[in-house]
Amino acid sequence: MPKILVIEDDLDMVTAIRMPLEANGYEVFHAATGEEGLQKVKEVEPDLIILDVMMETTTAGFQVSLQLRNPDPASEYAAYRDIPILMLTAIHTTTSLRFGPDEAYLPVDDFVDKPIDPDVLLEKVQALIR
Amino acid sequence: MCPVGNRTTRLLPGECILNLEHIAERLAQSARQIVQADAAVVRLLDENESAGGRSLSLAAAVGVPKTDLPATVPLADSPLDQAALAGDIPLWTDAHLLPPFDAYRSAICLPLAEGETVVGTLQVYAAPSGGFDSQTIATLTPLAALGAVAISAVQALRTQGELEAEKAHFIHVATHELRSPVAVAQSLLRGVLKGYAGELTPQQRELFGRISRRLDLLEQLVNDLLDLAAGQTSHGMGEETAVIVNASVGRAVLLLLPRAEEKGIELVYQACCDELVAWGTEEGLDRIFVNLLSNAIKYTPSGGRVEVTLRSIEENGKKEIEVRVTDTGIGIPPEAMPHLFETFYRAPNAKALNEVGTGLGLSIVKDLVERYGARIEVESTVGKGTTFTVIFPVYAHS
């Protein structure tokens with residue numbers, strides 16, 4: 001059963017994400033802060049990370065993705081660098097339209113918009129877990 | 001060269017006059033020149049009172065190195081300033097002053113005041129004993145008053161700038177705080193509607209569907225209101241710069257292509273080969289085209305067509321950029337035309353459609369268009385379609 005770690009501080013949003021994923025055979029883990037998320041990455045070794053942007057700070061999610069994708073071979077997250085990251089955001093539809101997966105700027109694999117559409121979420125999750 | 005503080009973009013005519021240090025510098029120079037003094041110092045009253053009482057900050061010094069003077073002095077430690085601010089203008093003609101003023105025997109200190117407003121002090125120094133008299137005070141008084149007017153005006157403008165920055169910050173926070181609960185509620189509801197919380201009865205499905213539509217409207221309303229507020233502050237839509245219109249139109253088309261396809265509308269983009277550059281912000285330009293295109297798709301029935309064209313035009317020797325969004329939609333009734341850009345206005349035939357709309361999209365467009373020095377025109381025939389044309393001045397590289 002593929003494991004998905006959801007790093008998101010809003011428990012209702014976690015429920016909304018959990019419902020379609022569990023119904024489709026994914027095992028869902030949860031962390032409420034960026035720091036807890038990084039800890040759980042090591043414990044759970046997920047197949048996919050779903051990451052919120054704004055948590056305890058407005059850029060907590062960015063920090064998590066930057067830490068996980070740190071190119072330094074000595075990074076404590078070097079073993080987890082290849083785990084795909086799906087970022088939850090409302091940013092790129094409402095403000096800057098050029099906000100997209102960009103290695104140089106933000107190391108994530110794809111974005112999913114809030115509010116979440118279960119079909120879109122499942123489609124993106126399936127595409128990232130191969 | 002005129003100092004412009006920390007502003008780096010778009011130097012407005014006369015902007016250097018709005019720099020506090022520049023004004024203080026000019027004031028000190030003029031005072032020294034007019035009464036043939038050897039040195040002049042301008043100090044400004046600090047707005048906040050600290051534990052040790054009020055203090056003065058050094059704003060300008062001529063004839064003495066600025067570095068030899070303390071950046072701030074408590075008013076209690078400066079008898080010269082204290083006397084001047086109390087309205088008792090000191091005229092010292094044979095004084096023994098402390099360094100760095102020990103070479104001067106004569107000193108005058110005037111309050112920088114205009115009516116009730118006191119902003120600081122102006123000190124002038126001369127080397128010889130008896131270098132100044134009451135005539136010197138009379139000569140300097142109007143200059144000090146004029147300086148006070150200029151300084152308090154700049155201080156007021158600064159406060160306004162700070163308020164604007166605060167407003168932008170508030171909008172940023174509100175954006176998250178208002179959108180977030182709506183997005184969560186919608187996400188949960190979509191899961192329920194898709195049956196992930198168990199089978200729904202037809203009546204439940206119908207009612208949850210209505211709730212979902214209401215939330216769609218609320219989300220749109222929050223987004224539009226925040227865009228409107230953001231567009232009305234200078235920080236709200238980012239820093240204004242030269243923007244490539246082709247790229248902005250392209251992004252908007254790309255974003256709305258799925259929606260057009262979903263509705264069975266042909267979305268055609270006649271791109272222009274040249275790179276056309278206008279003045280604005282990327283976010284602002286994107287918002288203009290996204291709003292116009294999304295309206296066109298929203299108010300065009302299935303099987304219709306939306307065409308976007310971008311070209312360079314020239315009128316009376318003036319080069320302009322024209323973006324047209326043409327649809328084969330329901331059109332705008334003539335009686336609705338005068339109200340089209342009013343906030344919350346929706347044309348009766350638009351309201352009658354089963355489409356989510358807030359009546360804010362075109363207000364946002366108009367605000368942004370005017371902000372960037374562009375103009376918008378609309379032509380429409382009910383039942384045939386509508387064309388919105390936005391015309392931007394070409395941004396010329398200098």
Quick calc: nm separation of the 7 Å Cα→Cβ label points for B:Lys351 and B:Arg26 -> 5.4
Could you please state, rounded to a whole Å, how far the C-alpha centre of region B:179-197 is from the C-alpha centre of region B:83-155? 70
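I'd like to know how chain A sits against the 2.2 N^0.38 Å rule of thumb: what's its Cα Rg over that expected value? Intermediate values should be presented prior to the final figure.
Values: Rg = 13.6 Å, N = 130, 2.2 N^0.38 = 14.0 Å.
Normalised Cα radius of gyration, chain A: 0.97.
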Would you mind getting me the FRET efficiency between B:Val268 and B:Arg375? Use the beta-carbon distance for r and R0 = 22 Å, nearest 0.05. 0.35
Over chain B, with a Gaussian network built from C-alpha contacts below 10 Å, which listed residue (B:Gly331, B:Gly373, B:Gly317) shows the highest mean-square fluctuation? B:Gly317
At 0.36 nm per residue, and after removing the present C-alpha to C-alpha distance, how many nm does the segment from B:Lys384 to B:Leu254 gain when stretched out fully? 44.3 nm
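Can you give me the Kirkwood hydrodynamic radius for region A:1-42, using every pair of distinct Cα atoms, in Å to one decimal? Let's see the in-between values first.
Working: mean 1/r = 0.0961 Å⁻¹.
Kirkwood hydrodynamic radius for region A:1-42: 10.4 Å.
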Sorted by accessible area (1.4 Å probe), largest first, how do B:Thr281, A:Thr15, B:Thr67 line up? B:Thr67, A:Thr15, B:Thr281
Distance in nm between B:Arg311 and B:Asp133 label points, each 7 Å along Cα→Cβ, equals 8.0
With each pseudo-label sitting 7 Å past Cα toward Cβ, what's the B:Asp68-A:Glu35 distance in nm, one decimal? 5.3
Over 24 Å, how big is the tail of the calculated P(r) for region B:23-158, in percent of all Cα pairs? 21
Can you give the helix-only mean residue ellipticity at 222 nm for chain B, where every DSSP H stretch with n ≥ 4 adds -39500 (n - 2.57) and the sum goes over all residues, rounded to the nearest 500 deg cm²/dmol? -14000 deg cm²/dmol
In sequence order, calculated HN-Hα J values of region A:70-81 (Karplus, 6.51, -1.76, 1.60; Hz; x Gly/Pro): 3, x, 4, x, 8, 4, 5, 9, 3, 6, 10, 4
Would you list B:His169, B:His96, B:His339 from the most to the least accessible area, probe 1.4 Å? B:His96, B:His169, B:His339
Chain A, helix-only ellipticity at 222 nm - DSSP H runs n ≥ 4, -39,500 (n - 2.57), divided by all residues, nearest 500: -10500 deg cm²/dmol
Note to self: C-alpha centroids of region A:1-79 and region B:299-338 sit apart, in Å, by 45
Provide the per-residue ³J(HN,Hα) series for region B:339-346, in order, calculated from phi with Karplus coefficients 6.51, -1.76, 1.60 and θ = phi - 60°, each as a whole number of Hz, with x at glycine and proline positions. 9, 3, 9, 6, 5, 6, 7, 10
Report the residue, chosen from A:Asp72, A:Asp52, A:Asp110, that carries the largest GNM mean-square fluctuation when chain A is represented by alpha-carbon nodes joined by springs under 10 Å. A:Asp72
Please report Rg over Rh for the protein assembly as shown, where both radii come from the alpha carbon positions and Rh follows the Kirkwood definition. 1.12
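Grab the Cα-Cα distance for B:Ile244 and B:Asp77, subtract it from 0.36 nm times how many residues apart they are, and report the gain in nm with one decimal. Numbers along the way, then the final one.
Numbers: separation 167, 0.36 × 167 = 60.12 nm, distance 5.79 nm.
Extra length available between B:Ile244 and B:Asp77 comes to 54.3 nm.
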What helices does chain B hold that run 24 Å or longer along their axis, going by alpha-carbon atoms, with a Kyte-Doolittle average of 0.0 or more, using DSSP H for the helix calls? B:134-193, B:245-263
Going through the cross-link list A:Lys124/B:Lys351; A:Lys124/B:Lys366; A:Lys124/B:Lys298; B:Lys318/B:Lys351, which pairs have a Cα-Cα distance over 31 Å in this structure? A:Lys124/B:Lys351; A:Lys124/B:Lys366; B:Lys318/B:Lys351
At R0 = 35 Å, how high is the FRET efficiency between B:Glu164 and A:Thr57 if r is their beta carbon distance? Nearest 0.05 is fine. 0.90
Surface accessible to a 1.4 Å probe, B:Ser248 within the full protein complex, Å²: 0
With springs only between Cα atoms under 10 Å apart, run a GNM on chain A and tell me which of A:Asp109, A:Asp82, A:Asp47 wobbles the most. A:Asp82
Highest mean first, what order results for B:344-356, B:202-214 on Cβ atoms within 10 Å? B:344-356, B:202-214
Calculate the FRET efficiency for B:Ala156 and B:Glu177 from the Cβ-Cβ distance with a Förster distance of 35 Å, rounded to the nearest 0.05. 0.65
On full extension of the chain, what length is gained from B:His96 through B:Leu200, given 0.36 nm per residue of separation minus the C-alpha to C-alpha distance? 28.0 nm
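The values are calculated or read from the model by the stated rules, or taken from the named source; none is laboratory data. Because the structure is predicted, anything quoted here is derived from the model rather than measured. Here the Cβ is made from the backbone with ideal geometry for all residues, glycine too, and neighbour counts use every protein chain on show. Note: areas computed on protein heavy atoms with side chains; ligands, DNA, RNA excluded. Shrake-Rupley method; radii C 1.70, N 1.55, O 1.52, S 1.80 Å.
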